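The block underneath contains the structure these notes are about, expressed in structure tokens.
The values are calculated or read from the model by the stated rules, or taken from the named source; none is laboratory data. Small disclaimer: the values here were computed from a predicted structure and weren't measured. Ideal geometry is used to build each Cβ from the backbone, glycine not excepted, and the neighbour counts take in all protein chains shown.
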Amino acid sequence: MNKAQRAGTLIALPIFLLIIGFLPVDGAADKSGEGSGPISGPLDGLVFVGELGPEGKPRDVSDTFVFDNGTFVSKGCELRCKYPPRPYFVRVDGSRTEFISETKCPYKDAWITWRGTVEGDTVRGKATWVVKRWYWTIEDTYEFEARLVTDSAASANSD
């Protein structure tokens with residue numbers, strides 16, 4: 001996939017998500033990264049701590065997953081590889097909230113697509129990591145599961 005095809009995929013993803021029922025959080029469609037202030041999403045303020053690992057294998061890497069200002073980030077991926085927080089899209093299905101978010105590495109042709117479900121005090125899902133080289137593409141899927149440790153919106157209201 002060349003850069004033009006990749007750009008087309010990034011444009012088509014939000015349209016596809018809307019068609020299948022995922023909705024952007026307020027302001028998430030603003031690609032500039034600038035806006036009139038903080039944006040909010042239905043999962044904002046939630047922080048989960050857990051593990052991730054290769055699909056079908058033990059989850060052996062500790063990580064923290066944060067929803068804040070309409071964005072989602074894996075703190076482990078941010079620390080190790082500089083993957084920044086990115087907007088997330090949601091679909092509510094009863095007591096479950098499904099989300100999807102895609103983040104791009106700032107210094108190489110690599111990205112991670114996060115798909116997960118928040119239900120009660122647990123988040124679980126899969127992350128697909130793709131890195132393109134001029135001679136091959138690597139794609140790996142990881143599973144993650146974590147427990148809620150903080151609801152900063154609730155704790156801010158209780159102070």
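The single condition among (1) at pLDDT 95 or above; (2) more than 18 Å from LEU52 (Cα to Cα) that GLY116 does not satisfy is (2). Set side by side, the residues LYS132, LYS82, LYS126 differ, and just one is touching a Lys or Arg at 6+ places or on another chain (Cβ under 7 Å), touching a residue at least 24 places away in the same chain (Cβ under 8 Å), of a type in the set (Lys, Arg) and over 19 Å from SER40 (Cα atoms), which is LYS126.
If you check THR103, THR71 for being surrounded by 15 or more Cβ atoms within 10 Å (Cβ to Cβ) and closer than 17 Å to ILE138 by Cα, only one passes: THR103. Listed by first and then second residue, the pairs linking a residue in the stretch 89-104 that is over 12 Å from PHE72 (Cα atoms) to a residue that is surrounded by 19 or more Cβ atoms within 10 Å (Cβ to Cβ) and among the aliphatic types (A, V, I, L, M), with Cβ atoms under 6 Å apart and 6 or more places separating them unless they lie on different chains, are THR97/VAL90; THR97/VAL118.
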